[in-house]
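The values are calculated or read from the model by the stated rules, or taken from the named source; none is laboratory data. This one's a predicted model, so the numbers in the text were calculated from it and none came from an experiment. Positions of Cβ are generated from backbone atoms using ideal geometry, with glycine treated the same way; all protein chains shown enter the neighbour counts. Ligands, DNA and RNA are excluded from the accessible area calculation, which covers all protein heavy atoms including side chains. Shrake-Rupley method; radii C 1.70, N 1.55, O 1.52, S 1.80 Å.
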Amino acid sequence: MEPEAAKDKDSFRNYTSGPLLDRVFATYKLMHTWQTVDFVRRKHAQFGGFSYKRMTVMEAVDMLDGLVDESDPDVDFPNSFHAFQTAEGIRKAHPDKDWFHLVGLLHDLGKVLALAGEPQWAVVGDTFPVGCRPQASVVFRDCTFQDNPDLQDPLYSTELGMYQPHCGLENVLMSWGHDEYMYRMMKFNKFALPPEAFYIIRFHSFYPWHKFGDYQQLCNEQDLAMLPWVQEFKYGHSHGRAWGRGSGGFTGQYGHGHGHAWGGRLGGFMAAIPVLQQVRPLHQELQPARRGRAEALLPRAR
């Protein structure tokens, strides 16, 4: 820990000023120009086989020692620190939910795509649906989408775009990046985590929805029920960041380098380059009584 580096969590996500703003804006400008329906579909086809490389979870975390997220206006240190910060923040808030701690560790591992040659604008940053007009809270919306070819399309440039009202986010084509890649990799390898874990991984960077309330026209009842879990994840995520650089007590409990506490359950996590073929179960499904206790801690969306 470096206490002098700690920040108030409310000061994060400043997209109007700061020493990293030029780098951040350039990343989003490229993202908002080239993330289109066609581009996303091509990436699904390119990476959907998960056959490039096999590695363990801790090997993937260690790879992130070499990655600084160019879309992040708050930090300028390797993403591996962020993995442990997030897991520690969630562990402190929910000490009884080991699956939730694990989601904190795993949530950004898809960023290894950037270390395999993918440009950062196709890996990092806030996500948004393609195939419809970007809504007001999308970062830099008013000054970065001018050259996106989809917005010249009479269908894709409407509020609903190519979607039906309340079709559900599961049926929406999200911009391509580490969230979607990691979600699909986990599904491909049949990770034995509760449904909430998959949902958090897929939508944790969808800030226009879970933070600002946009894109409600696409949401169904499942999305509203899952929203509190994504928001709770982001709460732990922010608290972890506020502690500054380092892994805190997380590495002491779980063992950085060996993953002792989860070693057997992590099995052969083939994280990515586009990684993974098969992985052992990471976590047994929550028992009904335990799931009920977990859900009782969070407000139900209405």
Just checking, does the stretch 166-175 include any residue being of a type outside the set (Asp, Glu), outside any helix (DSSP H, G or I) and at positive phi?
yes
Taking the residues in the stretch 86-107 that are open to solvent by less than 10 Å² (accessible area, probe 1.4 Å) and over 15 Å from Phe191 (Cβ atoms) as candidates, determine which candidate is farthest from the chain's Cα centre (by Cα).
Lys97
For the stretch 191-209, which positions are closer than 20 Å to Pro165 by Cβ and assigned to a helix (DSSP H, G or I)?
Phe203, Pro208, Trp209
Residue check for Asp142: more than 15 Å from Ser205 (Cβ to Cβ), surrounded by fewer than 20 Cβ atoms within 10 Å (Cβ to Cβ) and free of Cβ contacts under 8 Å to residues at least 12 places away in the same chain:
yes
Given the structure, is Leu151 open to solvent by 30 Å² or more (accessible area, probe 1.4 Å), in a helix (DSSP H, G or I), touching a Lys or Arg at 6+ places or on another chain (Cβ under 8 Å) and of a type outside the set (S, T, N, Q)?
yes
Matching residues, the stretch 5-43, being at pLDDT 90 or above, open to solvent by 60 Å² or more (accessible area, probe 1.4 Å) and not acidic (Asp, Glu)
Arg23, Phe25, Leu30, Trp34, Arg41, Arg42
For the stretch 146-196, which residues satisfy the criterion of being of a type in the set (S, T, N, Q), within 30 Å of Leu102 (Cβ to Cβ) and modelled with pLDDT of 95 or more?
Asn171, Ser175
Flag for Leu102 being touching a residue at least 60 places away in the same chain (Cβ under 8 Å), more than 27 Å from Asp214 (Cβ to Cβ), assigned to a helix (DSSP H, G or I) and not acidic (Asp, Glu)
yes
Would you mind stating whether Val40 is assigned to a helix (DSSP H, G or I), touching a Leu at 6+ places or on another chain (Cβ under 6 Å) and within 30 Å of Arg133 (Cβ to Cβ)?
yes
Kindly provide the set of residues from the stretch 44-71 that are buried (at least 20 other Cβ atoms within 10 Å of the Cβ) and among the charged types (D, E, K, R), ordered by number.
Asp69, Glu70
Before we move on, is Ala114 within 24 Å of Pro19 (Cβ to Cβ), open to solvent by less than 10 Å² (accessible area, probe 1.4 Å) and not in a loop (DSSP other than H, G, I, E, B)?
no
Do we have Ser80 as assigned to a helix (DSSP H, G or I), on the phi < 0 side of the Ramachandran plot and of a type in the set (Ser, Thr, Tyr) here?
yes
Considering residues that are open to solvent by less than 10 Å² (accessible area, probe 1.4 Å) and free of Cβ contacts under 8 Å to residues at least 60 places away in the same chain, the number found within the stretch 117-131 is 1
